[in-house]
Amino acid sequence: MDKTAELKLDGKTYQLPVVVGTEQERAIDISNLRNETGYITLDDGYANTGSCQSSITFIDGERGILRYRGIPIEELAEKSTFIEVAHLIIFGHLPTSAELRRFSDLLTENELLNEAMKHHFEGFPTQAHPMAILSSMINAASCFYPELFGPDSRNTFVVQAARLLSKVRTIAAYAYRMSRGLPIIYPKPDLKYTANFLHMMFSLPYQEYDLKPEAVKALDLIFLLHADHEQNCSTATVRMVASSRANLFASAAAGVCALWGPLHGGANQAVLEMLEAIHREGDDGSKFIAAAKDKNSGKRLMGFGHRVYKNYDPRAKIIKRVCDQLLEKLHITDPLLDIAKHLEEVALKDPYFIERKLYPNVDFYSGIIMRAIGIPVEMFTVIFAIGRMPGWIANYKEVMEQPHSRIYRPRQVYTGPTLNHYTPIKERK
Ligand code: ACO
């Protein structure tokens with residue numbers, strides 16, 4: 001017999017179905033709770049709410065496990081590439097050679113932006129944050145492909161996905177060039193995804209950017225490690241928008257906005273700014289740690305802590321190793337890396353961080369890698385957004401393919417005034 005949970009409320013007993021995932025994660029299905037009892041559940045910040053069933057990514061935060069479609073992140077980081085992983089995440093399986101070639105060709109075919117979009121880019125002031133440009137331009141791009149989003153949009157999904165994944169890196173590179181007043185560099189069809197992005201970021205009309213294989217590989221790995229992370233703030237946002245049947249580009253643009261905040265994707269920029277500030281002040285990190293523990297200081301140790309990982313973030317382990325290797329290969333010594341390592345060492349021994357299970361997350365070392373490659377700090381969260389695109393696309397697809405999917409619409413417990421009447425303006429005090 002299927003397991004149920006028993007709820008006793010107002011003298012009555014209710015049976016609630018228990019749902020068990022493939023990794024034995026258990027949930028109590030409360031979808032009929034309000035109909036049957038008049039009660040809703042209250043879960044501030046959704047920490048205990050399963051908003052969907054999903055077969056894309058598995059995380060076990062206690063054991064530090066992350067798997068895309070069942071494959072451990074460590075194996076993918078060692079053996080795969082971002083584009084292969086994007087295929088895995090979006091379509092559910094590792095591509096055969098023919099599938100990978102077709103997918104890569106489709107990405108190449110879709111790498112250019114419509115020339116008219118240049119005018120939109122020119123309208124942004126220099127110094128505009130590239131995340132603002134990215135979300136606006138992803139949304140704007142959808143206007144150029146109405147044929148993809150008509151009633152038959154399910155049949156065009158593969159093209160939509162490839163177009164978004166390919167164009168997001170072109171948009172990101174253009175956003176950077178425009179914000180610096182630099183001429184736009186067009187993509188080169190003979191370059192692979194990540195190398196092409198670096199080319200568009202850093203080549204000049206009269207000089208090709210020197211693509212260092214180890215830098216390309218490190219950035220590809222950063223994309224891969226960010227490719228999906230189940231129901232985080234931005235992915236949940238994408239699913240929320242998708243549930244209203246908004247198109248893929250609009251849903252992804254909303255994801256970019258959610259990612260921007262410093263408690264989410266914006267943390268990688270915040271980490272580097274924190275390390276720079278510590279360095280400027282001549283602190284080795286000790287003063288900052290003391291401030292991060294003081295709730296009145298308004299400071300947090302950025303790049304530390306995670307809603308799900310209560311053990312080490314497995315991505316942080318991989319990134320830390322790659323960071324060391326890259327700096328060695330490029331013969332870079334970065335004082336910020338020494339500060340980061342010192343902060344980590346001190347925090348991991350400090351009862352404040354131990355008791356709260358706060359460990360370095362993926363953002364703690366990724367910024368140092370990006371800095372070594374020459375990516376400016378304001379582009380860090382954009383890099384995260386490019387990396388997260390396969391996850392958003394796959395989650396969008398899952399929402400659209402659910403046979404009985406409903407619009408996402410949480411409830412609330414109202415705490416405002418009870419019935420109150422309109423007071424004419426002259427009578428107001
Ligand atoms: N520095 C200092 N204290 C912290 C930190 C931190 N980085 N993170 C959490 N805490 C403390 C909180 O003050 C709180 O303390 P209390 O129990 O005494 O009140 C306790 O730890 C729990 O913190 P919450 O904010 O309730 O944890 P939550 O799960 O809501 O937040 C989050 C997780 C947002 C990641 C948080 O740890 C944080 O702000 N970290 C810094 C920002 C960051 O690195 N974000 C990137 C997240 S990963 C990503 O998006 C890729």
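The values are calculated or read from the model by the stated rules, or taken from the named source; none is laboratory data. Just so we're clear, the structure is a prediction, and the values are computed from it rather than from any experiment. Backbone-built Cβ (ideal geometry, glycine too); neighbour counts: all protein chains shown.
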Check whether at least one residue in region 116-133 is over 24 Å from residue 88 (Cβ atoms), in contact (Cβ under 8 Å) with a residue 12 or more places away in the chain and in contact with an Asp or Glu (Cβ under 7 Å, 6 or more places away or on another chain), and report yes or no.
-> yes
Just give me the residues in region 300-343 being within 12 Å of the ligand (Cβ to nearest atom) and without any contact (Cβ under 8 Å) to a residue 24 or more places away in the chain, in sequence order.
-> 300
Which of the residues that make up region 348-366 are more than 8 Å from the ligand (Cβ to nearest atom) and under 25 Å from the mean Cα position of the chain (by Cα)?
-> 357, 359, 360, 365, 366
Which residue, of 238, 322, 256, is over 13 Å from the mean Cα position of the chain (by Cα) and β-branched (Val, Ile, Thr)?
-> 322
Name the single residue, out of those in region 198-227 being within 16 Å of the chain's Cα centre (by Cα) and away from the ligand (no atom under 16 Å from the Cβ), that is nearest to residue 75 (Cα to Cα).
-> 220
Meets criteria (modelled with pLDDT under 95 and among the acidic types (Asp, Glu)) for residue 427 = no
Specify which of the listed residues (49, 81, 41) is surrounded by 11 or more Cβ atoms within 10 Å (Cβ to Cβ), within 16 Å of the ligand (Cβ to nearest atom) and among the hydroxyl-bearing types (Ser, Thr, Tyr).
-> 49
Filter region 155-182 for residues that are in contact with a helix residue (DSSP H, G or I) (Cβ under 7 Å, 6 or more places away or on another chain) and modelled with pLDDT under 90; which is nearest to residue 121 (Cα to Cα)?
-> 178
Looking across region 65-80 at residues that are acidic (Asp, Glu) and without any contact (Cβ under 8 Å) to a residue 40 or more places away in the chain, the single one that is farthest from residue 229 (Cα to Cα) is 78
When region 228-273 is examined, which residues are found to be part of a loop (DSSP other than H, G, I, E, B), within 21 Å of residue 158 (Cβ to Cβ) and within 12 Å of the ligand (Cβ to nearest atom)?
-> 228
Would you kindly identify the helices (runs of 4 or more DSSP H) lying entirely within region 328-375 that contain at least 2 residues that are among the small types (Gly, Ala, Ser), out of contact with any helix residue (DSSP H, G or I) (no Cβ under 7 Å at 6 or more places or on another chain) and surrounded by 21 or more Cβ atoms within 10 Å (Cβ to Cβ)?
-> none
Identify the residue in region 58-94 that is modelled with pLDDT of 95 or more and in a loop (DSSP other than H, G, I, E, B) and, among all such residues, is nearest to residue 24 (Cα to Cα).
-> 70
Subset of region 274-299, residues in a loop (DSSP other than H, G, I, E, B) and near the ligand (Cβ under 8 Å from one of its atoms), comes to 299
